[in-house]
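Taking it in order: structure first as structure tokens, then the write-up.
Taken together, the values in this text are just the output of simple stated rules run on the coordinates, not laboratory data. As the structure is a prediction and not an experimental result, all values here were calculated from the model.
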């Protein structure tokens, strides 16, 4: 039986993370990126993540075989201005073959713990409006909808809204 564990992402995870992310870039509106990442881009992204803003991965392993990255997540600064420094934004991506297994919930729960231990007060999720599964995931982890940005992105020849969800770390 496969075992799941969470750990910090390393440079060795770059190709697996890139595969997960580029699928979303090319086939969904989960990210508003329009151009797939190169391996060098992904390695740089991981290298830039540390401390409270580190990337994490959920890995699946079966016995002595190699680990497989089933999903990843990270926290990023919410806004640049100083007064926003107590708020962060999460990013959560699960490999298409591993969705619906609770991996997203493991990632969000870990990111909330990291945010809390790092002294943050609020965590935001910005979710493309068609992202009902992501909205349910975040709601199950204590996030509530606090607004909608209307037609702020354009992908696949259509306008996209973004639902903003928030968790106050004193509440979850």
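Key figures
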item: Alpha carbon centroid spacing (whole Å) that separates the range 80-124 from the range 1-78; result: 14 Å
item: Relative contact order %, the chain, counting alpha carbon pairs below 8 Å whose residues are six or more apart; result: 18 percent
item: Bins of 10 Å, starting at 0 and running to the largest distance - Cα pair percent for the chain; result: 10, 37, 40, 12, 1
item: Choice from 15, 62, 24 with maximal GNM fluctuation in the chain (Cα, 10 Å cutoff); result: 62
item: Per-residue [θ]222 nm for the chain (sum of -39500 (n - 2.57) over DSSP H runs n ≥ 4, rounded to 500); result: -8500 deg cm²/dmol
